[in-house]
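This report refers to the structure that appears directly beneath it.
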């Protein structure tokens, strides 16, 4: 009787182990299928990744304004805007001799001030921080008056590496109410030795 019970118990254990073995085999099979699927998707996706990487433009920039408008009384002659202009190198290669151009339309409707010196001479530094800009053309006054354009180059940056950002910070735009009859716009453009045609900024400062 005892031997009979033992045989029955052994058979039950054997059936249990066989059942568990089938479960593990099924799990293993499903796991292998998942692994194969992941491998297939990964390798199928590799050319897309490589294409994206290889398709990154060598020379590319992203530029934009962020600014604050200070509200004034209706009788005030000027509206003050304080802001920053950012130029980020989004390409795969460095940009050399970067510079920026601001265009105010109409030209006589506002004036732009910032960390700008009148000379490249390092002995005539007006600002004690690391940021300093100079006018690019000797006739900059006429260019501002006639075209509303400010051609500015950084004295502190000759090369803008990938993912680096060059900022014209803390500028003041003083808008003359009497000169604005319809619309005022401040646009930004980025240039470098590699981007000779100029790239417009993603946004502008506009008043209607």
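Readers should treat all values here as calculations from the given coordinates under stated rules, not as data from a laboratory. This structure is a prediction, so every number in the text was calculated from the model and none was measured. When we count neighbours, we look across all protein chains shown, and the Cβ atoms used for this are built from the backbone with ideal geometry, even at glycine.
A few remarks follow.
- Between residue 18 and residue 141, residue separation times 0.36 nm minus the direct Cα-Cα distance comes to 35.0 nm.
- Across q = 0.16 Å⁻¹, the stretch 61-207 modelled as identical point scatterers on its alpha-carbon atoms has Debye log10 I(q)/I(0) values of -0.88, in the order of the q list.
- By average C-beta atoms within 10 angstrom, highest first, the peptides 61-70, 89-98: 89-98, 61-70
- Most tightly packed first, judged by the mean number of other beta-carbon atoms within 10 Å of their residues, the peptides 133-141, 154-162 read 154-162, 133-141.
- Between residue 11 and residue 72, the modelled labels are 10.2 nm apart [label points 7 Å from Cα along Cα→Cβ].
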